[in-house]
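Undergrad: Handing you a structure now.
The values are calculated or read from the model by the stated rules, or taken from the named source; none is laboratory data. Computed from a prediction, not measured in an experiment: that's the story for all the values here. No Cβ is skipped: glycine too gets one built from the backbone with ideal geometry, and neighbour counts run over all protein chains shown.
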Amino acid sequence: MRAQLPDFPWDALTSFGDIARAHPDGIIDLSQGTPVDATPEFIQSALREASNSPSYPLTAGTPELRAAIKKWATDRLGATGDFDVLPLIGSKEIVAWLPTILESRKVLIPEIAYPTYHVGALLASAESIPVGIAAASWPSADLAWLNTPSNPTGRVHNVEEIQACINWARTHDSILIADECYIDFDHTAKSFSVLSQTGGDNKNILAVHSLSKRSSMAGYRAALMVGDSALISRIREIHKHSGMMVPLPVQKAMTAALGDELHVAEQRSRYNARREAMRPALEAVGFTIEFSNSGLYLWCSRQEDAWTSVEWLARRGILATPGSFYGAAGAHHIRIALTATDAQISAAVSRLKA
């Protein structure tokens, strides 16, 4: 690496966590997007039934899992044309290592972004360049990350914005990777996959998805990639050589999860109910909610330094994330995660009202 990795952002929250824990009724941690709702029983059952797994799993995925991903990508994402699929050991792994695997030298990341996009560029000794939404203004690069719905802002790209990103990739013969891990959690928005906008020409286009939030499977480390067959073949070979295999019981659980949309709709309803409870409570104490019309977060500002807002909430036993974790453009914002129980959200609302 040419540059030293930054400190792990959430370590900087430790002292504010201590303040929140000192609240008479304890801490309500809304700082990380860690699911708390139970993994659906039918998914747990699939994992248990495959627990006798003495052999090495297939890096490419079982035939059943590959078929399930392809069907889901066609039905849910609107993918057309020639494309391949690959199961992943969680989406963070591929975000961190793709620039290295693809030997990228210049990586474009959103100006307000999940920190691992930048870390992935550093791991590859590549240049990391923050860019705005409008792809027409992007410089040339080997690889660009598109994140919709956005973490942390919950902003959703419209069709024209996605198409502009695809046009950028084709103009520069560059790779476009869409992180679409929150696509199942629209509230007042309509999300579109990049694969629905390629017209069947998926060259240099990849989409990354995770079952962590979709199916409350974060502990399973289950994710997937869909897109350009040649690129996925190249990535799969690296995974084979480096032993990056999704365990067979997890592959079986993934197959089950991708075959059902009812549990996803139920989980979406839970998160949106929590959003509807938290939003007015935050607005009542002076926060403006920006975007936040999809995903699992509320992106808030009181036009003050992010750490001032974090401390104000910590004094009320609520731990939030400063927007500065996501880039300089977030220095006056905080991110509130909705990944807490209904009881915790209700308690947080009561504390804000008090």
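Undergrad: Condition first: in contact (Cβ under 8 Å) with a residue 40 or more places away in the chain and farther than 21 Å from Gly330 by Cα. Now tell me which residues in the stretch 114-153 satisfy that.
TA: Once the filter is applied, which keeps residues that are in contact (Cβ under 8 Å) with a residue 40 or more places away in the chain and farther than 21 Å from Gly330 by Cα, the stretch 114-153 yields Leu123, Ser125, Asp142, Leu143.
Undergrad: Write out, first by first residue and then by second, each pair whose Cβ atoms fall under 6 Å of each other, whose residues are 6+ apart or on separate chains, and whose first residue, in the stretch 227-244, is farther than 18 Å from Leu58 by Cβ while the second is surrounded by fewer than 22 Cβ atoms within 10 Å (Cβ to Cβ).
TA: Partner pairs satisfying both residue conditions: Asp228/Lys203; Asp228/Asn204.
Undergrad: If I ask for residues that are β-branched (Val, Ile, Thr) and either in contact with a Cys (Cβ under 7 Å, 6 or more places away or on another chain) or not assigned by TED's automatic domain parsing to the domain that holds Ile289 (or both), which ones from the stretch 316-353 would you list? It would help to see each step written out before you state the result.
TA: Taking the stretch 316-353 as the starting set, the residues that turn out to be β-branched (Val, Ile, Thr) are 318, 321, 334, 336, 339, 341, 345, 349.
Answer for the stretch 316-353, where residues must be β-branched (Val, Ile, Thr) and either in contact with a Cys (Cβ under 7 Å, 6 or more places away or on another chain) or not assigned by TED's automatic domain parsing to the domain that holds Ile289 (or both): Ile334, Ile336.
Undergrad: Within the stretch 84-101, which residues are over 19 Å from the mean Cα position of the chain (by Cα) and crowded, with 24+ Cβ neighbours inside 10 Å?
TA: Here is the first cut: in the stretch 84-101, the residues over 19 Å from the mean Cα position of the chain (by Cα) are 84, 100-101.
Hits for the stretch 84-101: nothing passes.
Undergrad: Of all residues in the stretch 251-268, which are assigned to a helix (DSSP H, G or I), among the charged types (D, E, K, R) and farther than 13 Å from Lys213 by Cα?
TA: Our first condition is that a residue be assigned to a helix (DSSP H, G or I); within the stretch 251-268, this holds for 251-258, 262-268.
This time we only want the ones that are among the charged types (D, E, K, R), so: 252, 266, 268.
Within the stretch 251-268, just Lys252 meets the criteria.
Residues are listed down the side, and each one gets a yes or a no for (1) assigned by TED's automatic domain parsing to the domain that holds Pro322; (2) over 20 Å from the mean Cα position of the chain (by Cα); (3) of a type in the set (A, V, I, L, M, F, W, C); (4) surrounded by fewer than 24 Cβ atoms within 10 Å (Cβ to Cβ):
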| residue | (1), (2), (3), (4) |
| --- | --- |
| Leu146 | no, no, yes, no |
| Pro149 | no, no, no, no |
| Gln163 | no, yes, no, yes |
| Asp173 | no, yes, no, yes |
| Lys203 | no, yes, no, yes |
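Undergrad: Within the set of pairs 6+ apart or on separate chains, which have a first residue in the stretch 13-29 that is at positive phi and touching a residue at least 40 places away in the same chain (Cβ under 8 Å), a second that is in a loop (DSSP other than H, G, I, E, B) and surrounded by 15 or more Cβ atoms within 10 Å (Cβ to Cβ), and C-beta atoms under 9 Å apart?
TA: If the second residue must be in a loop (DSSP other than H, G, I, E, B) and surrounded by 15 or more Cβ atoms within 10 Å (Cβ to Cβ), the pairs left are Gly26/Gly317.
Undergrad: List the number of the failed condition for Thr59; all other conditions in (1) among the hydroxyl-bearing types (Ser, Thr, Tyr); (2) assigned by TED's automatic domain parsing to the domain that holds Ser212; (3) exposed (fewer than 12 other Cβ atoms within 10 Å of the Cβ) hold.
TA: (3)
Undergrad: Kindly establish whether Thr74 is hydroxyl-bearing (Ser, Thr, Tyr), surrounded by 18 or more Cβ atoms within 10 Å (Cβ to Cβ) and assigned by TED's automatic domain parsing to the domain that holds Phe185. Before the answer, list the steps.
TA: Working: hydroxyl-bearing (Ser, Thr, Tyr): yes; surrounded by 18 or more Cβ atoms within 10 Å (Cβ to Cβ): no; assigned by TED's automatic domain parsing to the domain that holds Phe185: yes.
No; evaluated as a whole, the condition is false for this residue.
Undergrad: For the stretch 283-293, indicate whether the set of residues that are closer than 20 Å to Tyr114 by Cβ, surrounded by 24 or more Cβ atoms within 10 Å (Cβ to Cβ) and not small (Gly, Ala, Ser) is non-empty.
TA: Quick first cut of the stretch 283-293, residues closer than 20 Å to Tyr114 by Cβ only: 289-293.
After this cut, where a residue has to be surrounded by 24 or more Cβ atoms within 10 Å (Cβ to Cβ) as well, the list is 292.
Okay, now just the ones that are also not small (Gly, Ala, Ser), so none.
For the stretch 283-293, residues closer than 20 Å to Tyr114 by Cβ, surrounded by 24 or more Cβ atoms within 10 Å (Cβ to Cβ) and not small (Gly, Ala, Ser): absent.
Let's see how each residue does on (1) over 29 Å from Val159 (Cα atoms); (2) among the hydrophobic types (A, V, I, L, M, F, W, C):
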site: Ser191; (1), (2): no, no
site: Val208; (1), (2): no, yes
site: Glu237; (1), (2): yes, no
site: Glu266; (1), (2): no, no
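Undergrad: Sticking with this structure for a sec: Looking only at the stretch 322-348, how many residues end up being aliphatic (A, V, I, L, M), at pLDDT 95 or above and surrounded by fewer than 18 Cβ atoms within 10 Å (Cβ to Cβ)?
TA: Looking only at that region, the number is 3.
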